[in-house]
1. Hey, fewest Cβ within 10 Å first, where do THR164, THR10, THR54, THR348 land in order?
2. What does the charge count around GLN336 come to, taking other residues whose C-beta lies under 11 Å from its C-beta (Lys +1, Arg +1, Asp -1, Glu -1)?
3. Quick check on the chain: helices-only [θ] at 222 nm, where DSSP H runs of length 4 and up contribute -39,500 (n - 2.57) each and the sum goes over total residues. Nearest 500, please.
4. How big is the dipole moment of the range 97-248 about its Cα centre under a simple scheme where the beta carbon of each Lys and Arg is +1, that of each Asp and Glu is -1, and everything else is neutral? Debye, nearest 20, please.
5. Where does each of SER346, SER219 land when they are ranked from fewest to most other beta-carbon atoms within 10 angstrom?
6. With a sphere of radius 14 Å drawn around the Cβ of PHE87, what net charge do the other residues whose Cβ falls strictly inside it have (Lys, Arg +1; Asp, Glu -1)?
7. With the contact rule set at Cα under 8 Å and sequence spacing of 6 or more, what percent relative contact order holds for the range 27-146?
8. Please state, to two decimals, what the Cα-based radius of gyration of the range 157-310 comes to when divided by 2.2 N^0.38 Å (N = residues).
Amino acid sequence: MHINPHKNRTEFILLIALLMALNAVAIDIMLPALPVIGTELGATNENDQQLMLTLYLAGFGISQLFYGPLSDAIGRRPVVFIGTGLFLIPVALAPFSPDFSFLLMLRFMQGVGAGASRVMSTAIVRDSYEGRAMAEIMSLTMMIFLAMPIIAPSLGQAIILVTTWHFTFLFMALMAVITLVWAYFRLPETLLSADRRPFSVLTVINNFKIVLSNKYSVSLTLANMLLFGTLLGFLGISPLIYLNIYDLGPIYPLMIALTASNLAIASLINSRIVGRFGPERIALVAAMSFVAIAAIWSLLAWQMTVLPPWLFVAIHQPLMLCFGFAGTNSISAAMQPLGKVAGTASSTVGFFQTAGGAIIGAAIGYAYNGSILPVTLGFFICGCLAAALMLFARFVRVAEAPAT
């Protein structure tokens, strides 16, 4: 059973987008500051800068396994407040970090709090919509949410130019407070009392069994994880590529904004076409296109020591456009059969996407050796595996469809 979550559909989309944006800003506003933070707090290796993202995403991913079952028992609103509050505490402490290791610990804790925003945003939408309508709402939410990756890197760059990196955490704290206040007054509970499931070990295990036994959803979740890993891998080493290889300096945030713009464009277009073609088909076509572009990128990187900046951008941006279509639609399709355990399903999808994606992203990032070839090969291999999993999911759906 579904309810109208909010009389104002536009405000509902904006509020969900803000909830999701807590995670985006925690990643993207940090990117320009990573080298400065590493230097000031004593990081011994430039590749260690990526740990600021990796440990955050590890906490983010692991915590989702808890938030989903908890929200299936007590409702979505309380979990929003618990998670956002936990996000706020390490953010307030981070400016006082005495060394790099202490800040990494706080980043992990921050990720633990942010996990609720990822799980609840998806679960709330799934509580309230289904099918292609859900995919449309998710696309519109993602389009607005992706404004943060466009704005945040430039904001982060401005902060470290005018003040210090400490103020990036103050900005995150402000966002968390706004989210708490807005949700308190304007976010209704979307999980009906009749749909709540007891929070017990047996119930949680059974809920996870329901999710993990669904071959269709698991296949799409793993495909999403692989593609998300390529994005995280690139973000982690993007300062090394744009600053060290191409020496782009102050315009580095604009390159991150360009990437986010392609993701936003994909979400906008997807909201218009997903009702006609369906999320599964769009995700599969996008994944196959991703593979083709990544293959070209790898061949060029193999032939050239350094790609000209214009060629690098000309290939990378369409790749991100494909990711935008494949990412949102694979999540929507994966969630569709799991409405009765939407919280646990959102936890599972989010865990694999972020924790698994963080591991894949770290592997791609640490393969960086001054050349982009290891990165492009990582994109190609992950794309091939993701496309294969999507084809398998399609096969499962057709095979399990009732005969007519």
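1. Numbers: THR164 13, THR10 10, THR54 22, THR348 27.
Taking fewest neighbouring Cβ atoms as first place, the list is THR10, THR164, THR54, THR348.
2. Values: positive: ARG126, ARG132, ARG397; negative: GLU130, GLU280.
Combined, the nearby Lys, Arg, Asp and Glu give +1.
3. Details: 16 runs with 314 residues, N = 404.
Result for the chain: -26500 deg cm²/dmol, rounded to the nearest 500.
4. Working: 9 positive and 7 negative charges, 83 e Å.
The calculated dipole for the range 97-248 is roughly 400 debye.
5. SER219, SER346
6. On the way: positive: ARG107, ARG118; negative: none.
Within the 14 Å Cβ shell, the charges total +2.
7. Details: 124 pairs, mean separation 37.4, N = 120.
Contact order relative to length: 31 percent.
8. Values: Rg = 21.6 Å, N = 154, 2.2 N^0.38 = 14.9 Å.
For the range 157-310, the normalised Cα radius of gyration is 1.45.
Quick note: the coordinates plus some simple rules give every number you see, no bench work behind them. What you see is a predicted model; the values in this text were computed from it and never measured. Cβ atoms come from the backbone with ideal geometry, glycine included; neighbour counts cover every protein chain shown.
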